[in-house]
Amino acid sequence: MVWGMYLPHSGGSYGPYGDNEGPVDHYGDGWHHRLLKYSQEQMLEAQREFYSRSYPYCVVEKFLYECGHKQPSPDDVVVTPIEQHEPPRFRQTHKGYKELASIITIGNRMWAVDEAIKRLIYRLEPGLHQFYPLEIRMPRGRVYPVQYYVLVVGRWLDSLSPNDSDRRSFAHYNPEINHFFIHGYQKNVTGLALRQSVFKGAHLWRERGLKEWLICFSDTLAADLARAELMLPKYYRMRSI
């Protein structure tokens with residue numbers, strides 16, 4: 001069997017409202033401004049020209065999409081590896097939290113996991129996925145007492161079978177390529193069918209057709225999550241064909 005978890009909604013313990021590296025102005029948060037300053041002061045002209053759009057915008061894509069993959073856009077931007085200075089270093093939340101989920105969203109459709117999730121994933125697929133330390137800071141100088149990491153999934157597959165899936169579960173976002181749109185409701189996730197011949201042996205991955213909206217994982221990882229008794233966003237069983 002195979003399982004799917006949709007990107008958690010922002011707000012509350014599954015997606016604390018806030019700003020990466022603190023608030024700055026209506027043009028962007030501290031992370032955005034730090035990256036912009038880096039591009040202006042430390043990048044060569046040729047490097048700046050490579051990023052035909054805003055450098056901070058292109059950096060965000062590195063955390064969302066497949067490295068080396070050309071994004072379907074007028075600029076045909078190729079996603080390059082994440083560089084040492086690029087990950088956000090902390091998230092400043094708007095309010096304090098007594099408890100956060102072990103898997104959260106931190107804005108820009110990015111996912112973060114705590115130390116417990118990192119250990120479970122790393123035990124099954126060491127070195128495949130990337131984890132960038134992220135401190136959760138709260139008002140009045142408080143720091144959430146659990147280490148989090150920005151998660152970058154290192155495996156991308158094409159196991160989704162639109163013909164075998166419930167046609168009511170998805171819509172074509174771009175008919176010219178296999179790019180689909182789904183809502184995060186149980187009926188949409190459970191209506192998807194994935195080919196076991198493609199995902200066999202994988203424990204954590206993303207589907208190219210669904211991009212950053214869905215994380216897929218194996219029965220083995222699902223069992224580990226259940227045994228750990230963690231606070232998690234809902235996840236649902238999908239069809240394996």
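The values are calculated or read from the model by the stated rules, or taken from the named source; none is laboratory data. Please read all numbers here as calculations on a predicted model, not as lab measurements. For neighbour counting, all protein chains shown are included, and Cβ atoms are generated from backbone atoms with ideal geometry for every residue, glycine included.
Step by step: first the residues of the stretch 141-174, then only those that are within 18 Å of the chain's Cα centre (by Cα) and among the hydrophobic types (A, V, I, L, M, F, W, C), then the one that is nearest to residue 88 (Cα to Cα). Which residue is that?
Taking the stretch 141-174 and keeping what is within 18 Å of the chain's Cα centre (by Cα), we get 147-158.
This time we only want the ones that are among the hydrophobic types (A, V, I, L, M, F, W, C), so: 150-153, 156-157.
Values: 150: 8, 151: 12, 152: 13, 153: 16, 156: 23, 157: 27 Å.
If we take residues in the stretch 141-174 being within 18 Å of the chain's Cα centre (by Cα) and among the hydrophobic types (A, V, I, L, M, F, W, C), then 150 is nearest to residue 88 (Cα to Cα).
Need the failing condition index for residue 136 against (1) surrounded by fewer than 13 Cβ atoms within 10 Å (Cβ to Cβ); (2) modelled with pLDDT of 95 or more; (3) farther than 21 Å from residue 125 by Cα, just the number.
Result: residue 136 passes all but (1).
In contact with a Ser or Thr (Cβ under 6 Å, 6 or more places away or on another chain), modelled with pLDDT of 95 or more and small (Gly, Ala, Ser): does that describe residue 193? Explain how you work it out, then say what you get.
Values: in contact with a Ser or Thr (Cβ under 6 Å, 6 or more places away or on another chain): yes; modelled with pLDDT of 95 or more: yes; small (Gly, Ala, Ser): yes.
Judged against the criteria, residue 193 is a match.
Please indicate, with yes or no, whether at least one residue in the stretch 13-26 is at pLDDT below 95 and in a strand (DSSP E or B).
Checked against the condition, which is being at pLDDT below 95 and in a strand (DSSP E or B), the stretch 13-26 yields at least one hit.
Is one or more of the residues making up the stretch 180-189 in contact with a Lys or Arg (Cβ under 7 Å, 6 or more places away or on another chain) and closer than 16 Å to residue 160 by Cβ? Before you say what the answer is, go through the steps one by one.
Narrowing the stretch 180-189 to residues in contact with a Lys or Arg (Cβ under 7 Å, 6 or more places away or on another chain): none.
Checked the stretch 180-189: no residue is in contact with a Lys or Arg (Cβ under 7 Å, 6 or more places away or on another chain) and closer than 16 Å to residue 160 by Cβ.
For the stretch 37-68, enumerate the residues that are in contact with a strand residue (DSSP E or B) (Cβ under 7 Å, 6 or more places away or on another chain) and either modelled with pLDDT under 85 or more than 22 Å from residue 27 (Cα to Cα) (or both).
Of everything in the stretch 37-68, those that are in contact with a strand residue (DSSP E or B) (Cβ under 7 Å, 6 or more places away or on another chain) and either modelled with pLDDT under 85 or more than 22 Å from residue 27 (Cα to Cα) (or both) turn out to be 66, 68.
Need the failing condition index for residue 145 against (1) farther than 20 Å from residue 10 by Cα; (2) in contact (Cβ under 8 Å) with a residue 12 or more places away in the chain, just the number.
If we test residue 145 against (1) farther than 20 Å from residue 10 by Cα; (2) in contact (Cβ under 8 Å) with a residue 12 or more places away in the chain, just (2) comes out false.
Within the stretch 126-158, how many residues turn out to be part of a loop (DSSP other than H, G, I, E, B), touching a strand residue (DSSP E or B) at 6+ places or on another chain (Cβ under 6 Å) and over 16 Å from residue 228 (Cβ atoms)?
Here is the first cut: in the stretch 126-158, the ones part of a loop (DSSP other than H, G, I, E, B) are 126-129, 138, 142, 144-147, 153-155, 158.
Next cut, touching a strand residue (DSSP E or B) at 6+ places or on another chain (Cβ under 6 Å) only: 138, 144, 146, 153, 155.
Add one more test, that the residue is over 16 Å from residue 228 (Cβ atoms), and what stays is 138, 144, 153, 155.
Total meeting the criteria: 4.
Do you know which of the residues in the stretch 176-214 that are free of Cβ contacts under 8 Å to residues at least 60 places away in the same chain and of a type in the set (Lys, Arg) is nearest to residue 118 (Cα to Cα)?
Selected residue: 200.
With among the hydrophobic types (A, V, I, L, M, F, W, C), surrounded by 15 or more Cβ atoms within 10 Å (Cβ to Cβ) and farther than 17 Å from residue 5 by Cα as the only criterion, which of 131, 180, 199, 170 stands out? Give the derivation first.
Details: 180 fails: farther than 17 Å from residue 5 by Cα; 199 fails: farther than 17 Å from residue 5 by Cα; 170 fails: farther than 17 Å from residue 5 by Cα.
None of the other options fit; the residue is 131.
Counting only residues that are touching a residue at least 40 places away in the same chain (Cβ under 8 Å) and of a type in the set (Gly, Ala, Ser), which one in the stretch 1-29 is farthest from residue 184 (Cα to Cα)?
Ranking the candidates gives 22 first.
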